[in-house]
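Here's the structure, in C-alpha cells; my notes come after.
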Amino acid sequence: MLLALGAAVTLSVAVGAGALSTSGVLQARTDRTVVGLVVGAALGLAGATLQGSSRNPLADPGLLGLTAGAVLTVVVATAVLGIGSSSLVGVLAVVGVLVVGVLVHLATRRVPVARRPETSVLVGAALTAVCSSAATGILLTDRGALDQLRSWQVGSSAGRSVGVLLPVALLLLGGVVLALALAPGLDALALGDEAASALGHDVGRLHGLALLAAALLTAGATAVAGPFGFVGFLAPHAARPLVGTGHLAVLPASAGCGAAFVVIADVVGRVLAPPGEVPAGITVALVGAPALVLLLRRRTLA
C-alpha cells in the first residue's frame, strides 16, 4: 500500500499538461496532490467506520446519501445564506450529513438484518436524488453560485491549494481521532450488537459516535473538493485483504487506500481527454460503479 501511495504521489507530480520547469506548475501539482491525499484518506476512513459500525459491506458516504446531504448544505450555505467562511460552511455540512444519516437509520432500522445493506443503499439513493435535485435547483437560480461551484460539484482536487484544508482541519482531525478511538468498539460490533453489549460496550453510543466520525470526515472532504462517490466503499474492501479484519489495522489502511484511489483517479483524469481534464470524481465512479454491481451480484448469488 505504501508503494502504491508513493507511486501515486510521484505520478501526480510528474504527469500533466505543463512542464515541471514552468513557473507555478510544480506548486500547483503538489497542492492538488496533497488535497487529493487528504480527501481520499478522509473518505476511506469514513467508509471503513460506516462499514464497521453497520456491518454493511455496501456502506459508503456517497451510497448512503451522506455526501449529498453535505453538498446540499454547502450549496444552501453559500448560494442562499451567502456564508463566505469555509470553516462555518464545513460545520454546517456536518449537520447535513448527520440529518441524512439519521434518516437512513430510521428508514432501515426495522428491516431484517439480511436485507439491511441493500435497503440502506436504496434509501440512500432516494435521499441522494432529493438532495441533488434541490442543490441543482438552487444553483440554476443563481448563475454566480453555479459558476463558482461548477467544478466543485463533480468532485475534483484541481485548482485547490493546500490552504483550502486549513478551515476544515479541525473537522478532519476530529473525525480521524474519533474513528481511530472507536476501533475496539467496531471490532466488538463485528460480533453483533448483543455480543458487543455483553462485552461492555454501549451499542447505541458506538453507532452514534461512528456516524459522527463519518460525518466530520465526509463534511470536511466534501467542503474542500466536492462530492466523491465510491471512495469510502472501495477503500475498505481493498484494505482488508492486505491487513486483515481488525479495525486498528483496517481503519488506517482504508485511509491509505482511499488517498491512493483519489490521487490515481486525478492522474488518470489528466490523460483521458487532453488537453482538457476529466474530474477525479468521475474517474473514481468509472471504477466504483462496476465494483458495486459485482459485490451486489455476489451477495445475491451467495
* without any contact (Cβ under 8 Å) to a residue 40 or more places away in the chain, surrounded by fewer than 16 Cβ atoms within 10 Å (Cβ to Cβ) and more than 16 Å from Gly155 (Cβ to Cβ), is that true of Leu103? -> no
* Asked: farther than 29 Å from Pro279 by Cβ and modelled with pLDDT of 90 or more - does that describe any residue in region 169-178?
  -> yes
* To do: With respect to Ala135, determine if the residue is modelled with pLDDT of 80 or more and either surrounded by 16 or more Cβ atoms within 10 Å (Cβ to Cβ) or more than 22 Å from the chain's Cα centre (by Cα) (or both).
  => yes
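Specify which of the listed residues (Asp147, Asp187, Asp202) is at pLDDT 90 or above and surrounded by fewer than 16 Cβ atoms within 10 Å (Cβ to Cβ).
Values: Asp147 fails: at pLDDT 90 or above; Asp187 fails: surrounded by fewer than 16 Cβ atoms within 10 Å (Cβ to Cβ).
Every option except Asp202 fails the conditions.
I'd like the residue in region 216-250 that is polar (S, T, N, Q) and closer than 19 Å to Leu92 by Cβ and, out of all such residues, is surrounded by the fewest Cβ atoms within 10 Å (Cβ to Cβ). So that I can check it myself, show each step before the final result.
Let us first name the residues in region 216-250 that are polar (S, T, N, Q), namely 218, 222, 245.
Imposing the further condition that a residue be closer than 19 Å to Leu92 by Cβ reduces the set to 218, 222.
Numbers: Thr218: 36, Thr222: 32.
So, considering only residues that are polar (S, T, N, Q) and closer than 19 Å to Leu92 by Cβ, the one surrounded by the fewest Cβ atoms within 10 Å (Cβ to Cβ) is Thr222.
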* To do: Could you tell me whether region 27-37 includes any residue that is of a type outside the set (D, E, K, R), over 23 Å from Ala129 (Cα atoms), at pLDDT 90 or above and buried (at least 24 other Cβ atoms within 10 Å of the Cβ)?
  => yes
* Between residues in region 175-198 that are touching a residue at least 60 places away in the same chain (Cβ under 8 Å) and part of a helix (DSSP H, G or I) and residues that are buried (at least 21 other Cβ atoms within 10 Å of the Cβ) and hydroxyl-bearing (Ser, Thr, Tyr), which pairs lie under 8 Å by C-beta distance while being six or more apart or on different chains? -> Ala179/Thr49; Leu186/Thr49; Leu186/Ser53; Leu189/Ser53
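Could you please let me know if Ala213 is surrounded by fewer than 18 Cβ atoms within 10 Å (Cβ to Cβ) and touching a residue at least 60 places away in the same chain (Cβ under 8 Å)?
Numbers: surrounded by fewer than 18 Cβ atoms within 10 Å (Cβ to Cβ): no; touching a residue at least 60 places away in the same chain (Cβ under 8 Å): yes.
So Ala213 fails the test.
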* Look through region 96-119, keep the residues that are modelled with pLDDT under 90 and in contact with a Ser or Thr (Cβ under 7 Å, 6 or more places away or on another chain), and return whichever of them is farthest from Pro227 (Cα to Cα). => Val111
* Working only within region 108-164, note down all residues that are in a loop (DSSP other than H, G, I, E, B), touching a residue at least 60 places away in the same chain (Cβ under 8 Å) and among the polar types (S, T, N, Q). => Ser156, Ser157, Ser161
* Structure fact -> Given the conditions (1) touching a residue at least 12 places away in the same chain (Cβ under 8 Å); (2) surrounded by fewer than 19 Cβ atoms within 10 Å (Cβ to Cβ); (3) not aromatic (Phe, Trp, Tyr), every one holds for Leu88 apart from (1)
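The values are calculated or read from the model by the stated rules, or taken from the named source; none is laboratory data. Just so you know, these numbers come straight off a predicted model, no measurement behind them. For neighbour counting, all protein chains shown are included, and Cβ atoms are generated from backbone atoms with ideal geometry for every residue, glycine included.
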